[in-house]
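What follows is one structure encoded as structure tokens, with my remarks underneath.
The values are calculated or read from the model by the stated rules, or taken from the named source; none is laboratory data. Just so we're clear, the structure is a prediction, and the values are computed from it rather than from any experiment. Cβ placement follows ideal geometry from the backbone for every residue including glycine, while neighbour counts extend to all protein chains displayed. We work out accessible area using only protein heavy atoms, side chains counted, and drop any ligands, DNA or RNA first. Shrake-Rupley method; radii C 1.70, N 1.55, O 1.52, S 1.80 Å.
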Amino acid sequence: MKVLVTVKRVIDYNVKVRVKSDNTDVDLKNVKMAVNPFCEIAVEQAVRLKEAGKASEVIVVSMGPQNAQEQLRTALAMGADRAILVQSDDVLESLSVAKILAKIVEEEQPGLVIMGKQSIDTDNNQTGQMLAALTGMSQGTFISGLEVSDTEAQVVREIDGGLQTLAVKLPAVLTVDLRLNEPRYASLPNIMKAKKKPLETKSPADYGVEIKANTRLLKVEPPAERQAGIKVANVAELVEKLKNEAKVI
Amino acid sequence: MAILLIAEHDNAALKSATLSTVTAATQIGGDIDLLIVGSGCTAVADSAAKVPGVRKVLVADNAAYDHEIAENVADLIKGLASDYSHILSPATTNGKNFMPRVAALLDVGQISEIMSVESADTFKRPIYAGNAIATVQSLDAIKVITVRGTSFDPAAAEGGSASIETLSQVSDTGLSRLVSEELAKSDRPELTTAKVIVAGGRGMGDKAHFEMLDTLADKLGAAVGATRAAVDAGFVPNDYQIGQTGKVVAPELYIGVGLSGAIQHLAGMKDSKVIVAINKDEDAPIFQVADYGLVADLFEAVPELEKAL
Ligand SMILES: Cc1cc2nc3c(=O)[nH]c(=O)nc-3n(C[C@H](O)[C@H](O)[C@H](O)COP(=O)(O)OP(=O)(O)OC[C@H]3O[C@@H](n4cnc5c(N)ncnc54)[C@H](O)[C@@H]3O)c2cc1C
Ligand SMILES: Cc1cc2nc3c(=O)[nH]c(=O)nc-3n(C[C@H](O)[C@H](O)[C@H](O)COP(=O)(O)OP(=O)(O)OC[C@H]3O[C@@H](n4cnc5c(N)ncnc54)[C@H](O)[C@@H]3O)c2cc1C
């Protein structure tokens, strides 16, 4: 069984993003970029499936600018076998990403597609579910546990009320939550090896997908700043303030 | 214009997130129909019919919709969509699961977690863990939207008298089935609607010490939340997590204990009305958003606070 994994190039999670002064977008110039943390967990899971003899090949895909190659190389260094970059400098909204992925699924016929549950930049949390819809596959979202058999995957899902276990038929699209695993660091020899692994560059047109805008971005603003508060000297002062000033207890 | 609103419920009553979504729908304008989908959920219809401003309640009660299995629920909604200009659901884990599937089946985009309605097609939503707010306009004929519950006041629950219609069609794709569910049982208020929240972080040290917060919460009638670090360390289960990738909360009073205030955590609580932080490190970032900061060892401050209440 082939496993297809997606990795998105996003701002490093430690960096606090700034809004451009003309309010058109966020400023990503000279900002450290990285693999979306959820995608790293997806790659780790796919590589573990291969190590366990459940997956025959791990193919990693990214859509975005040319330098998304860096994130694909990271995934290859973690243990993926080959990479596909669908290069585009256009804004690729989730539905367009899902449409391109659907074509790749048609070509590669993976038994599992493993994706991040959300990108930490646009926080959409939708691409995996959309891909599942377009391909008619089952979906296991926000998963923190996975067991794969020949015909189905048992997934533990993190839901509002606790945990839910589903059996989803294969082929399936899975989106991973943070507690599924702890991704490995790529070793230096593996980073060197990854440079020689195949990385194919394609365009959305190669897949016959027309990039369509479903939304128009009108404005990006910084959030309302909170008023700076005060430090209280002790518990007694805290209780007094909460009672008499804030009036919340 | 007509809006189809997918209700969040527990087979007995509507969840407050549904009522917040009704408020968002009212701001968009047009007729509002509520869809109750589930298995054994007919009882919810009566309470849904009482929500003022609702035109019609649609009920899809079938074993195929048990636990709102996304493949089946999305298929059902797709079949209903052509009568509507907007499809709304609360941004709960249910809505987040099936709504993007609905959108793709309809060949439209989804606007996730809106926090305000600017017009019938334009909305504000947080991006980059809430460090930027985007105003986005939908260009699609049918607008598929999830709504952040804490950004809209809940609508009134009583006073209306909508008609109730039972749907006979059943979508059963057979793609997924429930194996088991492990739901947290608690007598405390739910995190997303609680007026007071006590949240703990890695600084609580271990599971046994985290329980200190339970006693404090009980005194305040509060819900208990946590950071991801506290969940990962096994102090508390995953449904306690507040933040970018957990729950979004906005209580009247949030008390953060032994947590540093990472941006991913702030994303889930910085709209709280009053924020209190207890941390022994005076440089902890949580103090930058706290209305009242107490630099102290939590193992002394928390018992003292509990006694002072
Ligand atoms: C303010 C703003 C600025 C924007 N600027 C840009 C821009 O400069 N360039 C641009 O391309 N888009 C831009 N977009 C569009 C936005 O990034 C898309 O909506 C996004 O690429 C797709 O949604 P998502 O990544 O949030 O999906 P989610 O549904 O949150 O992602 C879930 C998972 O899908 C997979 N995935 C999603 N996208 C990709 C991808 N491209 N490659 C591989 N895997 C993927 C990942 O595994 C990810 O974890 C902008 C949007 C906004 C609001
Ligand atoms: C993609 C991604 C998503 C994430 N999503 C979330 C999310 O949704 N929610 C979330 O919370 N995190 C999330 N995180 C994790 C986040 O980055 C932080 O690691 C986490 O919030 C830190 O938790 P903490 O504040 O409990 O721990 P720490 O940062 O370790 O802070 C512990 C604090 O306790 C204080 N302390 C210790 N002992 C005492 C004492 N005796 N008395 C008083 N104070 C004491 C310390 O001074 C310190 O400030 C995410 C991370 C990533 C990469």
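Close Cβ contacts (under 9 Å, 6 or more residues apart or on different chains) running from residues in the range B:269-281 that are assigned by TED's automatic domain parsing to the domain that holds B:Leu213 and in a loop (DSSP other than H, G, I, E, B) to residues that are open to solvent by 20 Å² or more (accessible area, probe 1.4 Å) and within 16 Å of ligand 1 (Cβ to nearest atom) comprise B:Met269/B:Val248; B:Lys270/A:Pro223; B:Asp271/A:Pro223; B:Asp271/B:Met115; B:Asp271/B:Val248. In the set B:Val231, B:Val302, B:Val276, B:Val295, only one residue is touching an Asp or Glu at 6+ places or on another chain (Cβ under 6 Å) and within 11 Å of chain A (Cβ to nearest Cβ); that residue is B:Val295.
For the range B:159-174, taking the residues that are in contact with a strand residue (DSSP E or B) (Cβ under 6 Å, 6 or more places away or on another chain) and in a loop (DSSP other than H, G, I, E, B), the one that is nearest to B:Leu19 (Cα to Cα) is identified as B:Gly160.
A search for C-beta distances below 7 Å between a residue of the range A:178-194 that is within 12 Å of ligand 2 (Cβ to nearest atom) and any residue that is open to solvent by 70 Å² or more (accessible area, probe 1.4 Å), counting only pairs 6+ apart in sequence or on different chains, returns A:Leu178/B:Arg228; A:Arg179/B:Asp232. The residues of the range B:66-109 that are in contact with a Leu (Cβ under 8 Å, 6 or more places away or on another chain) and either assigned to a strand (DSSP E or B) or modelled with pLDDT under 95 (or both), listed by number, are B:Asp66, B:His67, B:His86, B:Ile87, B:Leu88, B:Ser89. Considering only residues in the range A:162-177 that are at the interface with another protein chain (Cβ under 9 Å from one of its Cβ atoms) and touching a residue at least 24 places away in the same chain (Cβ under 8 Å), the one that is most open to solvent (accessible area, probe 1.4 Å) turns out to be A:Lys169.
The residues on offer are A:Val239, A:Val248, and the sole one that is in a helix (DSSP H, G or I) and among the hydrophobic types (A, V, I, L, M, F, W, C) is A:Val239. With respect to the conditions (1) at the interface with chain B (Cβ under 8 Å from one of its Cβ atoms); (2) surrounded by 13 or more Cβ atoms within 10 Å (Cβ to Cβ), A:Asn181 lacks only one, and its number is (1). Based on what the data block shows, is A:Val15 within 16 Å of ligand 2 (Cβ to nearest atom), within 14 Å of chain B (Cβ to nearest Cβ) and either assigned to a loop (DSSP other than H, G, I, E, B) or open to solvent by 10 Å² or more (accessible area, probe 1.4 Å) (or both)? Spelling it out, A:Val15 is indeed within 16 Å of ligand 2 (Cβ to nearest atom), within 14 Å of chain B (Cβ to nearest Cβ) and either assigned to a loop (DSSP other than H, G, I, E, B) or open to solvent by 10 Å² or more (accessible area, probe 1.4 Å) (or both). Would you confirm whether any residue within the range B:129-148 is more than 12 Å from chain A (Cβ to nearest Cβ) and either closer than 27 Å to B:Ser82 by Cα or free of Cβ contacts under 8 Å to residues at least 40 places away in the same chain (or both)? The answer is yes, given that some residue of the range B:129-148 is more than 12 Å from chain A (Cβ to nearest Cβ) and either closer than 27 Å to B:Ser82 by Cα or free of Cβ contacts under 8 Å to residues at least 40 places away in the same chain (or both).
To keep it simple, each residue is scored yes or no on (1) closer than 20 Å to A:Gly161 by Cβ; (2) away from every other protein chain (no Cβ under 14 Å).
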site	(1), (2)
B:Gly174	no, no
B:Ser180	yes, no
B:Ser186	yes, no
B:Leu191	yes, no
B:Met204	no, yes
B:His209	no, yes
B:Thr215	no, yes
B:Gly221	no, no
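A residue that is buried (at least 20 other Cβ atoms within 10 Å of the Cβ), away from ligand 1 (no atom under 15 Å from the Cβ) and not in a helix (DSSP H, G or I) occurs somewhere in the range A:34-56. Got at least one residue in the range A:120-136 being at pLDDT 95 or above, more than 14 Å from every other protein chain (Cβ to nearest Cβ) and more than 13 Å from ligand 1 (Cβ to nearest atom)? No, the conditions are met nowhere in the range A:120-136.
Give me the residue from the range A:207-218 that is touching a strand residue (DSSP E or B) at 6+ places or on another chain (Cβ under 8 Å) and open to solvent by 80 Å² or more (accessible area, probe 1.4 Å) and, out of that set, nearest to ligand 2 (Cβ to nearest atom). Filtering the range A:207-218 for residues that are touching a strand residue (DSSP E or B) at 6+ places or on another chain (Cβ under 8 Å) and open to solvent by 80 Å² or more (accessible area, probe 1.4 Å), the one nearest to ligand 2 (Cβ to nearest atom) comes out as A:Leu217. Under the condition of being part of a strand (DSSP E or B) and of a type in the set (A, V, I, L, M, F, W, C), which residue from the range B:193-202 is farthest from the other protein chains (Cβ to nearest Cβ)? Taking the candidates together, the pick is B:Ala199. Taking the numbered list (1) away from ligand 2 (no atom under 16 Å from the Cβ); (2) within 14 Å of another protein chain (Cβ to nearest Cβ) in turn, A:Gly116 passes all entries but (1). In the range B:282-301, the residue that is most open to solvent (accessible area, probe 1.4 Å) out of those that are within 9 Å of ligand 2 (Cβ to nearest atom) and assigned to a helix (DSSP H, G or I) is B:Glu300.
Condition check ((1) over 30 Å from B:Ile263 (Cβ atoms); (2) surrounded by fewer than 24 Cβ atoms within 10 Å (Cβ to Cβ)) across all residues:
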{"position": "B:Ala81", "(1), (2)": "yes, yes"}
{"position": "B:Ile87", "(1), (2)": "yes, no"}
{"position": "B:Asn97", "(1), (2)": "no, no"}
{"position": "B:Ser116", "(1), (2)": "no, yes"}
{"position": "B:Ala120", "(1), (2)": "yes, yes"}
{"position": "B:Tyr128", "(1), (2)": "no, no"}
{"position": "B:Ile142", "(1), (2)": "yes, yes"}
{"position": "B:Thr150", "(1), (2)": "no, yes"}
{"position": "B:Pro154", "(1), (2)": "no, yes"}
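Total residues in the range B:102-128 satisfying the condition of being over 15 Å from B:Ala91 (Cα atoms) and within 13 Å of ligand 1 (Cβ to nearest atom): the figure is 3. Inclusion of A:Leu95 among residues that are more than 16 Å from ligand 2 (Cβ to nearest atom) and surrounded by 18 or more Cβ atoms within 10 Å (Cβ to Cβ) is warranted. Restricting attention to the range B:175-192 and to residues that are of a type in the set (Asp, Glu) and outside any loop (DSSP other than H, G, I, E, B), the residue that is farthest from B:Gly261 (Cα to Cα) turns out to be B:Glu181.
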